[in-house]
Amino acid sequence: MQHILITGGNAGIGKATAIALAKKGAKIIIACRNETKAKIAVAAIKTATKNEEIYSLTCDLASFDSVRNCAKNYRKQFGQLDILINNAGLVTDKLQFTKEGFELQIGVNHLGHFLLTTALIDLLEKSNEPRIINVSSKAHYRGKINFNTFKGEVGAEKYNGMAAYGQSKLANILFTKALVNRYPKICSHALHPGVVGTEIAGKNDNKILWRVLWKVLSPVMLSPTKGAKTSVYLASSPEALTTNGKYFDKQKELAPAALANDLALAKKLWKVSEALVKE
């Protein structure tokens with residue numbers, strides 16, 4: 001039985017992904033910040049899929065200690081990992097920080113996932129068909145990597161939430177490229193799930209205008225089930241194993257931004273990230 005770990009699997013795209021893969025007979029472990037919500041989600045996924053092999057672990061991606069504990073507990077409880085889906089994410093227009101003092105979006109969307117992935121990479125290497133799936137976004141096309149902003153504002157520059165989000169989503173793809181270079185036997189892909197009607201922009205004290213805009217756009221957004229389709233495809237299809245390090249949208253390979261193909265930048269991001277997450 002395949003063991004699949006999904007971050008943010010208690011709601012939205014993550015939960016829809018968990019349900020779809022549970023229906024295919026996999027053992028699903030959802031890593032979530034809120035333990036109570038995780039338990040409720042586990043019960044709901046079991047009911048929806050008739051699959052009793054659904055579990056949860058506490059993991060706050062805004063805390064390196066929490067991520068390390070999650071990886072440690074995963075090893076103790078399961079010991080096998082075939083597919084890791086780095087799904088959790090957030091977007092905010094307010095400057096906030098992780099426990100270690102990093103800008104919240106780069107901290108959660110990239111650094112937290114970087115730490116979790118590298119902490120469990122040896123388990124993935126032991127799998128027959130290991131896969132890593134990083135949920136990115138089309139926002140990466142406008143993203144740039146500025147290492148000086150990883151801890152927030154630079155000088156007199158005002159915090160730009162969308163710029164920070166684009167940076168974190170570009171980091172997801174660069175991370176994918178670096179994974180392929182370092183661990184070629186692991187099938188690693190990134191994806192854009194579509195504009196999905198989730199709570200991603202409705203939390204973290206976003207400004208009223210931001211929340212209103214999201215609400216206005218909601219009627220034309222995809223459902224979480226539709227938004228999860230590419231993640232499910234990359235996690236389950238034999239075709240996805242025939243390529244590596246690609247970017248997908250609507251279950252089709254798509255060319256990412258030019259910066260996303262900058263291998264030198266990908267290597268630098270890895271080295272910087274590795275140094276930042278050290279204990």
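The values are calculated or read from the model by the stated rules, or taken from the named source; none is laboratory data. Here the structure is a predicted model, which is why all the values come from computation and not from measurement. Cβ coordinates were reconstructed from backbone atoms using ideal geometry, including for glycine residues, and neighbour counts include every protein chain displayed.
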| request: Confirm whether Leu90 is surrounded by fewer than 19 Cβ atoms within 10 Å (Cβ to Cβ) and either hydrophobic (A, V, I, L, M, F, W, C) or modelled with pLDDT under 95 (or both). | output: no
| task | Could you pull out the residue among Ile83, Ile30 that is touching a residue at least 40 places away in the same chain (Cβ under 8 Å) and in contact with a strand residue (DSSP E or B) (Cβ under 9 Å, 6 or more places away or on another chain)? | result | Ile83
| field | Test result for Asn172, within 22 Å of Thr117 (Cα to Cα) and of a type in the set (S, T, N, Q) | value | yes
| said: Every residue in segment 214-263 that is hydrophobic (A, V, I, L, M, F, W, C), modelled with pLDDT of 90 or more, in a loop (DSSP other than H, G, I, E, B) and surrounded by fewer than 18 Cβ atoms within 10 Å (Cβ to Cβ), please. | reply: Ala255
| field | Scope segment 109-140; condition of a type in the set (A, V, I, L, M, F, W, C) and without any contact (Cβ under 8 Å) to a residue 60 or more places away in the chain; matching residues | value | Ala119, Leu123, Ile132, Ala139
| request: Go through segment 71-110 and give me each residue that's within 19 Å of Asn10 (Cα to Cα) and among the charged types (D, E, K, R). | output: none
| Those residues of segment 1-57 which are over 22 Å from Lys229 (Cβ atoms), crowded, with 19+ Cβ neighbours inside 10 Å and aliphatic (A, V, I, L, M), in sequence order | Ala38, Val42, Leu57
| field | Criterion: modelled with pLDDT of 95 or more and either more than 19 Å from Ile4 (Cβ to Cβ) or over 18 Å from the mean Cα position of the chain (by Cα) (or both) - qualifying residue of Leu174, Leu124 | value | Leu174
